[in-house]
Structures are given as C-alpha cells and as structure tokens.
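Derivation of every value follows stated rules applied to the coordinates shown; laboratory data play no part. Worth saying up front: this structure is predicted, and the values here are computed from it rather than measured. For neighbour counting, all protein chains shown are included, and Cβ atoms are generated from backbone atoms with ideal geometry for every residue, glycine included.
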Amino acid sequence: MDVFAFTSQSETQGMMLTEAMAAGLPLVGLDAANALQTADDFSISSSASKALTCYETLHKKLVITRPQQYESLKQLPNLLKIEWEIVKGMASATNTAFEDN
C-alpha cells in the first residue's frame, strides 16, 4: 500500500498534504505546525460536511425562489444520503485496513 510520509516540521501551507489526499493516499506525519489542521480541513468527513451545508443552503433558496424546480429535486436528499453512506463505508474500511496492519 502506498502511504504519504510527511516528515517536515516547517511546512506551513500543507500543499503537499492536500496533494497527497487528492491522490487518495493515507497520511503519516509529524505533528508540525498546521499539518494536523490541514489534514482535518480536507478530510473526507470535513469535505462531506461542507458539501452538505452548501446543499442545504442552496436547497432553502431554491424552495423560496423556484418552487416548480424544487418539486423535481426532492429526490436529492435520498441520493445524498446514499452517497454519504458509501463515503462512510470507504472511511471505515480504510481505518480497518490500517488497524490490521
């Protein structure tokens, strides 16, 4: 299994961390300045939570401004719940794989 090892104690922007996460690599690293914050800000859970918040905001605006289109989009919450369950399953499987090693 490929893993991104982050050994820098001075990297503050976290660009390498975000690139590794974008590539789907698990991260291992030192508790350097901003490294943990970067990893948390771009985690699957954090990203999904931000996407859900964005969806909810747009949903409220759509109900008020375009009720006809809202009727055709009522299926979206169920589809998002299904996608969220898939993401949670992937995260759980990844955690289990690391615990086994």
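Go through 51, 98, 86 and say which Cα lies farthest out towards the positive end of the charge dipole of region 44-101; charges sit on Cβ, +1 for Lys and Arg, -1 for Asp and Glu.
Positive-end residue among those listed: 51.
Which FRET efficiency value, to the nearest 0.05, do you get for residue 54 and residue 90 by plugging their Cβ-Cβ distance into 1/(1 + (r/R0)^6) with R0 = 22 Å? Write down the numbers at each step before the final one.
Working: r = 21 Å, r/R0 = 0.94.
According to the calculation, E is roughly 0.60.
Less than 14 Å Cβ to Cβ from residue 55, Lys/Arg counted +1 and Asp/Glu -1: what total charge do the surrounding residues give? Working shown, then result.
Values: positive: 50, 60, 61, 74, 81; negative: 56, 83.
The answer is +3.
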